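Okay, so here's the structure we're looking at.
The values are calculated or read from the model by the stated rules, or taken from the named source; none is laboratory data. Quantities reported herein were computed from a predicted structural model and do not represent experimental measurements. All Cβ positions, glycine included, derive from the backbone under ideal geometry; neighbour counts span all protein chains shown. Protein only, heavy atoms only, side chains kept; ligands, DNA and RNA dropped before computing areas. Shrake-Rupley method; radii C 1.70, N 1.55, O 1.52, S 1.80 Å.
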Amino acid sequence: MPATTVSPWNGYWDSLPDGQLFFPAEGEEAVQNLAAAVPLTPSTAALDFGCGYGQAARPLAGKVGRLWVWDHSEPMRTFARRHLAAHANVSEWDPADTATTFDLIWVNSVSQYMGELALAERLTQFAPLLRPGGCVVLSDLIPPAHPFRKDALSLLWFSLRRGYFLRAYLRTRALARKYEAQKKDAPLFQPTRECVEGLASDAGLSVRWLDRNLTHFRHRRTAILTRAGS
């Protein structure tokens, strides 16, 4: 069954205009690193859970056979449909669908807005949807006591290197205060490794930690979850 816990961040994401935080280079970087961590082939069936604008789904669609996308925010799902319209192998996932199974379920930079209970519910939902050898990838997990200044430095360096710093600065400056105010009202979920491993175990999944995160936020974490014993 779909998760029932509602995130206090839903209204924030619903309020964003199309393309406000859409930076293709960030999606390309994450997908490139994802492809180095798990097999992506023309036979791969993948779900991008929490796809946002679809900036990671666009390059991912070119590396897999079928891609389903979903986001809790209805406006984000609308934006993603528009940005992914050229990809015939992309479909919108129905959370009530228990028949479609996946080789990969990617939860990228989403867990921090879900909270522990919602993540637990989703992992329980995802586990039976995995094909033999399939995995759930949780990337951009924020560790406890994480120094967010390191995220700012990571973003600065990456955007300068990829040539979109000014565009990123102008787009994010207007949202910075709103984001920080929302974060005070609804603190981000920052799980320990033990917390993630416990939630995974409760869902019948085992955890392997990558040496580095998939996104440009180098000081965050990525975990790969597979069915226990597989």
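Table for the structure above
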{"item": "Qualifying strands (runs of 3 or more DSSP E) (wholly inside region 112-230; at least 3 residues being open to solvent by less than 20 Å² (accessible area, probe 1.4 Å))", "result": "130-141, 221-227"}
{"item": "Hey, G11 farther than 21 Å from R167 by Cα, at pLDDT below 95 and not β-branched (V, I, T) or not", "result": "yes"}
{"item": "Members of region 83-105 that are part of a strand (DSSP E or B), touching a residue at least 40 places away in the same chain (Cβ under 8 Å) and open to solvent by 30 Å² or more (accessible area, probe 1.4 Å)", "result": "D103"}
{"item": "Members of region 112-159 that are basic (K, R) and under 21 Å from W209 (Cβ atoms)", "result": "R122, K150"}
{"item": "Near pairs, Cβ below 8 angstrom, 6+ apart or cross-chain, from region 106-131 (touching a residue at least 60 places away in the same chain (Cβ under 8 Å)) to any residue that is among the charged types (D, E, K, R) and part of a helix (DSSP H, G or I)", "result": "M114/R122; A120/D202; L123/D202; T124/D202"}
{"item": "The lone exception for G65 - which of (1) out of contact with any Ser or Thr (no Cβ under 8 Å at 6 or more places or on another chain); (2) open to solvent by 20 Å² or more (accessible area, probe 1.4 Å) it fails", "result": "(1)"}
{"item": "Qualifying residue in region 9-16 (condition: crowded, with 17+ Cβ neighbours inside 10 Å and within 15 Å of the chain's Cα centre (by Cα))", "result": "yes"}
